[in-house]
1. Treating the Cα atoms of the chain as identical point scatterers in vacuum, please give the log10 of the normalised Debye intensity I(q)/I(0) at q = 0.08 Å⁻¹, two decimals.
2. Roughly how many nanometres apart are two label points built 7 Å out from the Cα toward the Cβ at residue 176 and residue 130?
3. Compute the length gained on full extension between residue 89 and residue 140: take 0.36 nm times their separation in residues and subtract their Cα-Cα distance, giving the result in nm to one decimal.
4. Say each of residue 55 and residue 320 gets a label point 7 Å from the Cα, pointing the same way as Cα to Cβ; how far apart are those two points in nm?
5. Angle, helix 53-72 long axis vs. longest principal axis of the chain, Cα atoms, 0 to 90°, nearest 10?
6. What does the convex hull of the Cα atoms of the range 19-122 come to per residue, in Å³, rounded to a whole number?
7. Quick one: Karplus J couplings for the range 240-255, per residue in order, coefficients 6.51, -1.76, 1.60, θ = phi - 60°, nearest Hz, x for Gly and Pro?
8. Taking the alpha-carbon centroid of each part, what is the distance from the range 236-307 to the range 20-60 in angstrom?
Amino acid sequence: MLQQSLHEHLSNGSDEAQNENKLRKLGSGTFGTVYFTTATPQVYKKCHRIENSPILAEEYRHLKAIHKALSESGNLIQSPTPLDFHDSNDDEFWDEVKLMFPSSGSTRTGVLSMSRVYPMPSALRARLIDLFCPEDLQDRKASILRRGHHVARLLLGRAEPDNARAAPQRFFRTYNFPLTRMRAEKLGIDTIELSKEMGRMLAQMHMTARNDARDIEIVLGANITSTRTYNKYREPRAWVIDFNQVKDFNFTEEQISLLVDAFFANEAYFPRARTADDLYNVFADAYIDECQKIGEDARKLGKQFIVALEAEQARRDKDK
Ligand SMILES: Nc1ncnc2c1ncn2[C@@H]1O[C@H](COP(=O)(O)OP(=O)(O)O)[C@@H](O)[C@H]1O
Ligand SMILES: [Mg+2]
């Protein structure tokens, strides 16, 4: 089912099928927009600008390496499954799908397809809204629960919000909701386990897939990969997505600074590198253990990364 092409659905010309096949926007960022159809379990990431198609092709190459590394190491955090890449001059693809994109996204650019990250199970979504939706918006709860792409962000390294100083909120959504450590724990997430898996995941990205993990996102969705299992086995699961800024790591000491730079350039998904923080220690230990499993060179480089990371964090804290 996962590999089923849109083409098979397009050849079914009924109105209902046509509607099902329409690509709808799931989310977008500065680089691309992600579309889905209700007909197939895959999504399409399309870059906004045609000249960025080679970057999207690179993203596809990284996605393949990352997916392989994370699935083979049995990480609890998985990436979407890569399916295909189509360049802007792929006539066969574009002749098929042109009409399926909404008019705002129908110009030819590069497109990659991958499996979809499904939204959080509804009980979890409801709990998130109960816990964090401001009182004065609670009457909109039912519509917040129904609408939108319910994937939240797992930002274990982000400072907790200061509610007393925050401006009143005018709207609330679960999409990209920032789950800081305390919020994640309130929601019932085991943050120790999650930090460990984050550490293992970063080690796999650095040392097996060999990239700097720049600008990745770690989100909370469901553990399923197709609508067929939608009602059956829905449990929460963390996913890693968005690899268009990822750079190759050449597996040498000279590029440890590239890895450190990417760590600080990212949103604070990972715990901050302060040795007084128990969550960070779990993360760092898991990172080193995973490097060790990968091999002796990976262990050495991994250790150097952790030392450089902690030194950089200490330098930043001192400058404040
Ligand atoms: N495989 C996927 N399944 C479901 N939603 C996705 C998937 N990939 C990305 N998204 C959603 O689309 C948004 C934009 O995709 P992203 O790769 O982050 O684009 P950009 O490179 O512009 O930041 C993401 O923030 C996320 O909400
Ligand atoms: Mg993004």
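1. Each listed q corresponds, in turn, to -0.40.
2. Distance between label points: 2.8 nm.
3. On the way: separation 51, 0.36 × 51 = 18.36 nm, distance 4.54 nm.
So the chain would gain 13.8 nm between residue 89 and residue 140.
4. 3.1
5. Compared with the principal axis, the helix lies near 60 degrees.
6. Values: hull volume 11.8 nm³, N = 104.
With only Cα atoms used, the range 19-122 gives 114 Å³ per residue.
7. 10, 9, 6, 10, 6, 9, 4, 10, 4, 9, 8, 6, 10, 4, 4, 9
8. Each part reduced to its Cα centre gives a spacing of 28 Å.
None of the figures in this text is laboratory data; all of them are computed from the coordinates on show. Note that the structure is predicted; figures quoted are calculated from it, not measured. Reconstructed Cβ throughout: ideal geometry from the backbone, glycine too, with neighbour counts over all protein chains shown.
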